[in-house]
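Read-outs: derived from the displayed coordinates by stated rules, not from any lab. In this text, all values refer to a predicted model and were calculated from it rather than measured experimentally. Don't worry about glycine lacking a Cβ; one is built from the backbone with ideal geometry, like all the others, and counts go over all protein chains shown.
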């Protein structure tokens, strides 16, 4: 099964990551991934599926998340190498993300 | 002398701050203010004056910087209350800002 393309680590920029996180829905998605990978169908972001897909794509293209396919399902998680590139950044930003966790 | 309007502290949002910081020139401006207030005429950002004014306005409207007039000069500094709102955030982001300091 064809996987989504992800940027190489050295193409990830601090401004690109900040832009990706600068939307409430996207910040909410990333905050809900703090505990680990989730099925992308499991989000209740009060937005349409196409809007959610757009946000997940934006996060993937900025290098914030990994979006992998497994069978007919998709899973998203925070990129492991993001914290190597920008140590502490995501944690620092997520401290101020809304408390609510998408169902 | 009329001063520029600034948003009240409770109108500053994490996503607004991240959006303001998500541009290389703006991140550079804020990084150069780590040491304190600077005259806005003192920046050499390799951008035109009008572009610089636009970036400074964006940072001011997002609640990241204070832009004050004194006589015919303008001074910019990082908002003191930003670190009260989002403790550690600016420092965490600026760790990954380019090293160069605008002249």
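Observations on the structure shown:
- Relative intensity, log₁₀ I(q)/I(0), of the protein assembly as shown from a Debye sum that treats every alpha carbon as a point, q = 0.16 Å⁻¹: -1.03
- Residue A:69 versus residue A:9: modelled label distance in nm, points set 7 Å from Cα along the beta carbon direction: 2.6
- Helix-derived mean residue ellipticity, 222 nm - over chain B, DSSP H n ≥ 4, -39500 (n - 2.57), to 500: -10000 deg cm²/dmol
- The mean count of C-beta atoms from other chains within 10 Å of the C-beta of residues in A:80-89, rounded to a whole number, is 2.
- Peptides B:78-90, B:57-69, B:2-14 ranked from most to least packed by the mean count of surrounding Cβ atoms within 10 Å: B:57-69, B:78-90, B:2-14.
- Hydrodynamic radius of chain A by the Kirkwood approach over all distinct alpha-carbon pairs: 13.7 Å.
- FRET efficiency, residue A:23 to residue A:81 (Cβ-Cβ, R0 22 Å, nearest 0.05): 0.50
- Percent RCO, i.e. relative contact order, over chain B, from Cα pairs under 8 Å lying at least 6 residues apart: 39
- Estimated FRET transfer efficiency (residue B:53, residue A:95; beta-carbon r; R0 25 Å; 0.05): 0.20
- Protection proxy ranking for B:92-98, A:49-55, using the average of other Cβ atoms within 10 Å per residue and placing the highest first: B:92-98, A:49-55.
- Other copies of residue A:42: label-to-label distances in nm, shortest first, labels 7 Å along the beta-carbon direction: 5.2
- Between copies, the label points at residue A:54 (set 7 angstrom from Cα along Cα-to-Cβ) are spaced 2.3 nm, reported in nanometres from shortest to longest.
- Shape class for the range B:54-103, computed from the alpha carbon gyration tensor (a ≥ b ≥ c): oblate, with a/c not under 1.5 and a/b at or below b/c.
- Of all chain B residues, the one whose Cβ lies closest to the rotation axis that maps B onto A, given with that distance rounded to whole Å, is B:92, 2.
- Other-copy label distances relative to residue B:2, 7 angstrom Cα-Cβ extension, nm: 5.6
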